[in-house]
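The values are calculated or read from the model by the stated rules, or taken from the named source; none is laboratory data. Values in this document were obtained by computation on a predicted structure and should not be read as measured data. Counting neighbours? That spans all protein chains shown, and the Cβs are built from the backbone with ideal geometry, glycine included. Note: accessible area is taken over every heavy atom of the protein model, side chains too, but ligands, DNA and RNA are not part of it. Shrake-Rupley method; radii C 1.70, N 1.55, O 1.52, S 1.80 Å.
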Amino acid sequence: MENPNQTDKRRQELEKYFDPKGSFAALRVSQMKRSWKQSNRRELTWWENTYFPMLFSGIYLTSKHFFYNVFFHILHLFGIAKKTKGAVTYQYPEQQRPLASRLRTRHRLTKREDGSPRCVACMMCETVCPARCIEITAAEHPDPNIEKYPAEFILDLGKCVYCGFCVEVCPEDAIRMDTKILNIAEYSRSSMIYNKKRLMEE
């Protein structure tokens, strides 16, 4: 037989789920609505079960957009209704789509005037990267004014999630994602790994 003290304790634990002003009230209401919908769902008619209404609805919607765009593109050929735009298809890759200036694209390492990378191997980008796709090997710079430089800078684009944290955290503005290069597909995982030389090419 269960101890009365344990029963009271259990009741107190369960009362929070039924408190109308508690944090679980909204969850309980949504569960009740879902169960009501499931138990009171309307039966489909024979006509609705054939799926023809939805089929005709889809054809109508597609045809409406198609003829609307064709109509205005024909008018544009004659210089009419230029302000009303129709849908535009970019013939990629021959025709590149215009990109926003803030779009994050493939990475690059910026250079100093002498051609060396601006990176000082502070490891901040490697530390902040959530995908752990950056690996930096630091070395001592021959210039006494510069403490360190990256002897090797490895960036695995196969792991990168393009969050842009590395760009935001860099104190030297050494890494950027403004190359406007979108076609980064490769035939092997190893070719998705960019070294320092490859990152400085663009």
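For this structure, a couple of remarks:
- Test: residue in the range 96-111 that is open to solvent by 80 Å² or more (accessible area, probe 1.4 Å), modelled with pLDDT of 90 or more and either within 30 Å of residue 64 (Cα to Cα) or assigned to a strand (DSSP E or B) (or both): yes
- Residue ID - nearest to residue 92 (Cα to Cα), chosen from residues in the range 168-193 that are β-branched (Val, Ile, Thr) and touching a helix residue (DSSP H, G or I) at 6+ places or on another chain (Cβ under 8 Å): 184
- Pairs where the first residue, in the range 169-182, is of a type in the set (Phe, Trp, Tyr) and the second is modelled with pLDDT of 90 or more, C-beta under 9 Å, 6+ apart: none
- Of all residues in the range 7-66 being of a type in the set (Asp, Glu) and loosely packed, with under 10 Cβ neighbours inside 10 Å, the one that is modelled with the highest pLDDT: 43
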